[in-house]
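Nothing in this text is a laboratory measurement; each read-out follows from the coordinates by a stated rule. Computed from a predicted model, the values in this text were never measured in an experiment. FYI the Cβ positions are ideal-geometry reconstructions off the backbone, even for glycines, and counts take in every protein chain you see.
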């Protein structure tokens, strides 16, 4: 029996969620990202709706350039709590179709339906039913590729966006791949594409029939890998995710700042977000890390190993504040700050013989905060330190 790999890519996910929730934006150019501030904003586009893409907007484009091209667009700041919740709902649907699910991101996934498609009919029926179920249950569209390997499935899902479906059969795999531009191959960036173009390789078929020895001389060990992909050879399995090694968040200031009060406010908010995610995952962290990017773009990291692993906001916040003030950064203009937790243990594991005197009170307070957020949204309640700015 052959392999049947499905690649699902949610269409303009963040923007699509906002358009669904705000019907007045359904057919409008919606841009999720930094505040453009009339074309003078900093930061980048996170997601552009398909209506916005008609103006040439793309993910990672500077927000100032996006505003120049589409000043009439509707610019919204990301609501990651809402998008994460929506992603969780969609992933529940994925697991109804296969136990072999490999997350690629919040809005992208691989499924291996080789052993489960018979429950729903055939592989095509399974893929289409998956698309239909996502649209019916969450009100969003997805583009789906079905192929004998991961590389071809990913390419297929991208060809008929939005709300597309493309099947690649094993005996037609090379007929599908070879006419496509070489940039379609998974993992080929602008630099590699230019190098291939310089060798006269513009289409996947040209790469597939190129001298392997020259490719290896030119690209090193990656040369053979490129040749194999071009010939439809991709043995990578759909793999379930390993446990997360870190949980954290970052914030880029609209304007470089040396204001310690403003910096503390953001560190407080990031600490709350990290604490919340640790609790939701049922884990505590032994290491707390601070990331600082200065106005000259130099980036620095500091970490603190705790005596007792934690998922408490106040312990995380006190730790990053100590790292900030002990590091010599106060007084320097800062562009970005980040808070990260590492070295996880299960909440049921006791990692020290010492007990915090106020642990019970902290747990009750944090539990109450999380219940309010779960019911009314992430931004409905913050501690005072997170609201000073």
Tilt, helix 123-138 to longest principal axis of the chain (alpha-carbon atoms), in degrees rounded to tens, equals 30
Could you state the number of Å between the C-alpha centres of segment 181-198 and segment 107-143?
30
Take the chain, connect every pair of alpha-carbon atoms lying under 10 Å apart with a spring to form a Gaussian network, then pick out the residue of 189, 248, 39 with the largest mean-square fluctuation.
189
Quick note, segment 178-230: a/c under 1.5 would make it rounded; otherwise a/b > b/c is prolate and the rest oblate (a ≥ b ≥ c, C-alpha gyration tensor); here it is rounded
Would you look at the GNM of the chain, springs on alpha carbons closer than 10 Å, and say which of 41, 73, 282 moves the most?
282
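By per-residue mean of other Cβ atoms within 10 Å, what is the highest-first order of 142-150, 19-27, 43-51? Could the numbers behind the result be given before it?
Working: 142-150: 24.2, 19-27: 13.2, 43-51: 21.7.
Highest to lowest by the protection proxy: 142-150, 43-51, 19-27.
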Give the whole-number value, in cubic angstrom per residue, of the convex hull volume spanned by the C-alpha atoms of segment 139-204.
89
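To the nearest 500 deg cm²/dmol, what mean residue ellipticity at 222 nm is calculated for the chain from DSSP H runs of n ≥ 4 alone, each contributing -39,500 (n - 2.57), summed and divided by the residues?
Calculated from helices alone, the mean residue ellipticity at 222 nm is -11500 deg cm²/dmol.
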Using alpha-carbon coordinates, inclination of helix 80-94 to the longest axis of the chain, degrees
40
Using only the Cα atoms, what convex hull volume per residue in Å³ does segment 81-237 have?
123
What whole-number distance in Å separates the alpha-carbon centres of segment 231-275 and segment 39-84?
20
May I ask for the angle, rounded to the nearest 10°, between helix 313-326 and the longest principal axis of the chain, with both axes built from Cα atoms and the value confined to 0 to 90°?
80
Label of the coordinate-derived value, Cα extents along the principal axes in Å, listed as (1) 144, 44, 43; (2) 63, 56, 39; (3) 67, 51, 47
(3)
In a Gaussian network model over the chain where Cα atoms closer than 10 Å are linked, find which of 299, 252, 310 has the largest mean-square fluctuation.
299
